[in-house]
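Some notes on the structure that comes next.
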Amino acid sequence: MKILISGPSMTSAVADATGIDLTDLPRGTVQTPIAPLAAALISAGHNVHIVTLDPLIDEVQSFEREGLCVTFCPLRGAPRFKARHRMKDLFAAEIAHLSSVIARSDADIVHAHWTYEHAEAALRSGKPYLITMHDLGWDYLLKFRDTYRLMRLIMKYRVMVRVRNLTVVGEFMLNKAWQYGFRGKAHLVPNPIGPANWQPKSLDTPIFVAVGNPNTIKNITSAIAAFDVIRQINPIAELHLFGPGLDESYMPAHGRRGVIAHGNVEHRELMHFLARHATVLIHPSRLETFGVIIAEAKMRGVPAIAGIKSGGTLDAIGEVGVLCDVEDSASIAQAAQDIISDQVRYYDLQKASHEDVKARFSATNVAASYIGIYQNILCNHK
């Protein structure tokens with residue numbers, strides 16, 4: 001099958017997932033589940049064409065490497081443009097490029113991720129399609145109340161009222177798609193997590209990790225407050241922060257002993273740190289539709305803590321990990337202490353975390369689910 005995957009993607013992550021040398025290609029935008037999905041589809045014998053955006057190019061560029069085709073379309077984004085440049089016309093230029101590339105491709109089916117510009121382009125292409133919904137527009141608008149997210153919500157409605165083939169990445173989203181005008185039957189397919197090994201770790205120096213950004217949804221300040229409590233019991237413990245804005249300029253981390261702010265790093269660097277050094281992932285986010293970082297950490301044998309009322313975190317944690325009230329730093333701290341209180345129990349939790357993600361979210365299993373959906377769509381399209 002010839003499968004075109006359209007969505008935000010980071011080239012280095014695709015290279016890591018597929019093992020294909022892509023060093024001379026544009027950077028793309030951000031790491032998403034597209035990379036492990038593409039790798040699993042290729043491994044299953046399918047031809048994959050990734051179509052994505054890049055803010056540093058001025059014209060469409062396509063590359064073919066070892067059976068993988070990657071096409072980059074121009075994005076009016078940082079550092080050359082502010083968000084208002086693409087939002088004032090609802091991403092019209094980006095959609096025009098994307099839809100032209102998709103329409104001219106020889107793909108059997110188009111799988112667009114997120115219900116915005118990539119989904120709009122897939123719908124305009126006239127090809128058989130599947131749209132995957134990754135987020136909830138109203139929730140983010142009500143949290144941030146800015147014009148950018150209002151316009152994104154308009155884009156979402158424009159897509160959702162026309163979509164007939166839809167999947168969602170979190171179980172709780174199944175009952176929310178209708179809020180955006182969708183009137184079909186959505187299917188649940190979780191985000192794919194690429195394979196990774198895990199190694200037993202000592203609890204001599206607990207290393208906690210939090211990944212996010214400074215906005216109120218990610219709630220990183222609760223992780224820092226919880227760490228202050230943890231450090232009273234474990235004075236040599238460390239908290240490492242990763243993500244855009246969580247660097248030396250992040251004021252809540254200033255003067256906190258044991259808190260190290262790394263900022264925005266390459267996905268492979270973050271995964272390496274989790275695999276080699278992290279003891280526990282603290283994910284205090286107030287809202288997630290899935291919680292990819294939770295599953296990525298667990299795959300690498302890093303037990304995770306997440307919010308019991310944070311939506312998709314319940315899917316990512318499942319029965320292996322700890323759910324707590326992320327508004328209460330004492331609750332987070334207690335969850336962390338419970339995880340690191342016993343070396344033997346910790347080892348068992350490491351192993352169980354890895355096995356849980358491997359069983360429920362492995363990229364191979366997720367790709368197989370998507371292939372079945374693709375085949376049904378193609379049968380009904382004829």
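What the table shows:
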quantity	calculated
For the range 130-210: Kirkwood Rh in Å [reciprocal of mean 1/r, alpha carbons]	15.3 Å
Built amide H within the under 5 Å cut-off of LEU188, gap 5+	VAL168
With every protein chain in place, the range 130-227: carbon and sulfur % of accessible area (1.4 Å)	55 percent
Reciprocal mean inverse distance between Cα atoms of the range 29-149 - Kirkwood radius, Å	15.5 Å
Coordinate range along principal axes, alpha carbons of the range 78-237, Å, largest first	60, 36, 35
Mean separation of Cα contacts under 8 Å (6+ apart) over length of the chain, as relative contact order %	14 percent
In sequence order, calculated HN-Hα J values of the range 276-287 (Karplus, 6.51, -1.76, 1.60; Hz; x Gly/Pro)	8, 10, 5, 9, 9, 9, 9, 10, x, 4, 7, 8
Per residue accessible area in Å² of the chain, where ligands, DNA and RNA are left out and the probe is 1.4 Å	42 Å²
Cut-off 15 Å between beta-carbons: net charge of the residues surrounding ILE34, Lys and Arg +1, Asp and Glu -1	-4
Cα-only Debye scattering, the range 87-154: base-10 log of I(q)/I(0) at q = 0.14 Å⁻¹	-0.46
Ranked packing of 77-87, 123-133, most packed first, by mean Cβ within 10 Å	123-133, 77-87
Packing-based ranking, highest mean first, of 139-150, 214-225, 172-183 given that Cβ atoms within 10 Å are counted	214-225, 172-183, 139-150
Charge-dipole axis of the chain as Lys and Arg at +1 and Asp and Glu at -1 on Cβ define it, positive-most pick from GLN31, VAL344, ALA304	GLN31
The range 11-65: Rg to Rh, with Rh as the Kirkwood radius over Cα pairs	0.94
Residue-span extension gain [ARG162 to ASP106] - 0.36 nm each, minus C-alpha spacing	17.8 nm
Rounded to 10°, Cα long-axis angle of helix 343-361 versus longest principal axis of the chain	10 degrees
Phi-based couplings in Hz for the range 176-189 (Karplus 6.51, -1.76, 1.60; Gly and Pro marked x)	10, 4, 5, 5, 10, x, 6, 10, x, 9, 8, 10, 8, 9
Cβ crowding within 10 Å averaged over residues, with 270-280, 33-43, 288-298 ranked highest first	288-298, 33-43, 270-280
Share of carbon and sulfur in the accessible heavy-atom surface of the range 283-327 [1.4 Å probe, %]	50 percent
Correct choice for mean projected area of the Cα convex hull in nm² that was computed from the model, options [x] 28.3; [y] 17.6; [z] 19.3	[y]
The chain - charge dipole about Cα centre, Lys and Arg +1 at Cβ, Asp and Glu -1, debye rounded to 20	1220 debye
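The values are calculated or read from the model by the stated rules, or taken from the named source; none is laboratory data. The structure presented is a predicted model; accordingly, all values stated were derived computationally and were not measured. Neighbour counts run over all protein chains shown; Cβ positions are idealised from the backbone, glycine included. Protein only, heavy atoms only, side chains kept; ligands, DNA and RNA dropped before computing areas. Shrake-Rupley method; radii C 1.70, N 1.55, O 1.52, S 1.80 Å.
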